[in-house]
Amino acid sequence: MRNMKKALAAVAAVATLASLAACGGSDGGNDAKANAGDADKADLVFWGWDTGNTMKALIADFEKANPGITVKFNNTGTASDTQTALSNAVAAGKGAPDVVMLEDPTVTQFAVTGDLVDLTAYGADKLEDDFSAGPWSKLQYDGKPYALPIDSGPEVFFYNDAVLKKAGVDGSQIKTWDDYYEAAKKVKAIGAYMTNNSGSSMEYQPFTAQAWQAGAQPWKVDGENITIDMTKDSGMKKYIEFQQKLIDEDLVDTKIANWSDDWNRALNEGDIATLTIGAWMPVNLMNGAPDQAGNWRVAQLPQWNEGDEVSAEDGGSALAVVSQSKQQAAAYKFVEYLTHGDGAQTMADTGTFPSLKKILSSDSFTDPNTEANKKVNDYFGGQNVNEILSEAAQRKVSAFQYLPYNPYAQSTFGDQISKAYSEDITLEEAFANYSKALTDHGNQQGYTVTSKD
């Protein structure tokens, strides 16, 4: 009953999210062997999105290599649409696909309620060293893999070299967050901002990535028991104090939210000098700020302690086997092909930022003379962009979890945190309020949630 209660609550929450993430609930996660089916003969149903229009070719290649298996792909729209559809199937107890594509932060939601298969039964736990640490760590629940990563989004530092030079700043020498703060003061002096942050829901993912890099543990999930610590956790205190300093000294544009028209305008006009965001950003800069071609550069994320090489993840997607499936062995074979097998290379070749180390470190991925790389490198002033992004993807990360009701965490983030960026309350007060909202919601969903704030 408790799992069903969570499933229905998840469906209700997901319906309010428009373009954000989603959730789950059943008890089939331990039935992998009973529902394995024939690994070499199956008619699979696969739900997901296909922004690169590559699924038709990928499925054809898989079916050619596995003649006993067919795959029917249902393009379920956005990530949010896909997760909502899965939540509805979970609540109904039928109608779910064999394989589903999910955004990384939502995997925990479905894993906690038993709606995804523990892939240890098929040997996925042996693949850890083959993937970069960031995306791999997000797909674990209770120390077991519940999905395999399609791509990765290591957080990196993008900067407009022309703007920084005008401010007397050498962007390549911003190695620490202290360096970043000093640069922000100089950038403000020439009438620009180092970056933007309005505290909206669009800044939720950058928040989790930056708090993650600071070593924060804002929430800990242990089955149905959750502890939330937004203001006393040492990593969160570090993050809050730094952001509050930027707000107090007017060093961050608090009026502009990520992905807004104003954001693209400010980037294109050089009013925003830097971004800390995922490695998937280059093409977005090329499209959103075309007038700055040749000016932008990319570097590793500033560190809290000089000499460290700590990263975090901002975005990413994965493939999971759904517990309702009666063909789990064949479903896993398809998942493994797209994420770890030949399909992973095909996806990387068509623009997906890879999570497999062998692709990230390959000569072809970092070759500056390929047509795709030359186009990106020209925009970035001749840098070998993929070489820098590859290094970022293979840096170490600390342990980090997402809440099993991540859509609510994202949707309510802006309601609470934006008040600090408009200076109505302090950031510490905003996070304390956010903690209460997350605690109350989790308890309403049937979890046992304790707040330390």
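Side notes on the structure shown:
- Full extension of the segment from Ser234 to Lys64, taken as 0.36 nm per residue of separation minus the current Cα-Cα distance, would add 56.0 nm.
- Phi-derived couplings, Karplus 6.51 cos²θ - 1.76 cosθ + 1.60 at θ = phi - 60°, listed residue by residue for the stretch 152-168: 9, x, x, 6, 9, 10, 9, 9, 8, 4, 5, 5, 5, 5, 4, 8, x Hz, with x used for Gly and Pro.
- Were the residues from Asp125 through Asp363 laid out at 0.36 nm apart, the gain over their Cα-Cα distance would be 82.9 nm.
- Cα shape, the chain, gyration tensor, a/c 1.5 rule: oblate
- Across the stretch 175-183, computed HN-Hα scalar couplings (Karplus, 6.51 cos²θ - 1.76 cosθ + 1.60, θ = phi - 60°) run 9, 10, 5, 5, 4, 4, 4, 5, 5 Hz from first to last residue, x flagging Gly and Pro.
- Once the Cα atoms are used to define both axes, helix 204-213 deviates from the longest principal axis of the chain by about 80 degrees.
- Structural descriptor for the stretch 324-412: relative contact order 16 percent, calculated from alpha carbon pairs under 8 angstrom and at least 6 residues apart.
- Restricting the stretch 230-302 to GluC sites (Glu not before Pro) that sit in a DSSP loop and have at most 15 other Cβ atoms within 10 Å of their own Cβ leaves Glu249.
- Rel. contact order, % - alpha carbon contacts under 8 angstrom, at least six apart, the chain: 26 percent
- Relative packing of peptides 319-327, 84-92, 42-50 - highest average C-beta neighbours within 10 Å first: 319-327, 84-92, 42-50
- Amide H within-cut-off set for Glu313, under 5 Å, with H built and near neighbours excluded: Glu155
- Label sites at Thr450 and Asp349, each approximated as a point 7 angstrom past Cα along Cα to Cβ, lie 5.3 nm apart.
- In order along the stretch 273-290, the phi-based Karplus estimate (6.51 cos²θ - 1.76 cosθ + 1.60, θ = phi - 60°) of 3J(HN,Hα) comes to 8, 8, 9, 10, 7, x, 5, 7, 6, x, 5, 5, 5, 4, 7, x, 10, x Hz; Gly and Pro are listed as x.
- Other-chain or far-sequence residues with amide H under 5 Å of Thr176's (modelled H): Gln303
- Model label points for Thr426 and Ala92, set 7 angstrom from Cα along the Cα-to-Cβ axis, are 5.1 nm apart.
- Greater than 24 Å apart at Cα, pairs in Lys255/Lys436; Lys186/Lys245; Lys126/Lys333; Lys41/Lys138; Lys220/Lys357: Lys255/Lys436; Lys41/Lys138; Lys220/Lys357
- Note that the stretch 85-218 presents 30 Å² accessible area per residue, ligands and nucleic acids not counted, probe 1.4 Å.
- Extension gain (nm, one decimal) between Asn305 and Asp261, 0.36 nm per residue minus Cα-Cα: 12.3 nm
- Put simply, when 180-192, 64-76 are sorted by average Cβ atoms within 10 angstrom per residue, most first, you get 180-192, 64-76.
- Per-peptide packing, taken as the mean over residues of other Cβ atoms within 10 Å, places 409-422, 372-385 in the sequence 409-422, 372-385 from highest down.
- Of the solvent-accessible surface of the stretch 247-331, computed with a 1.4 Å probe over protein heavy atoms with every protein chain present, carbon and sulfur atoms account for 40 percent.
- Helix 2-14 and the longest principal axis of the C-alpha atoms of the chain enclose an angle of approximately 50°.
The values are calculated or read from the model by the stated rules, or taken from the named source; none is laboratory data. Only a predicted model underlies this, so the values are computations on that prediction, with no experimental measurement involved. Positions of Cβ are generated from backbone atoms using ideal geometry, with glycine treated the same way; all protein chains shown enter the neighbour counts. Accessible surface areas use protein heavy atoms only, side chains included; no ligands, DNA or RNA. Shrake-Rupley method; radii C 1.70, N 1.55, O 1.52, S 1.80 Å.
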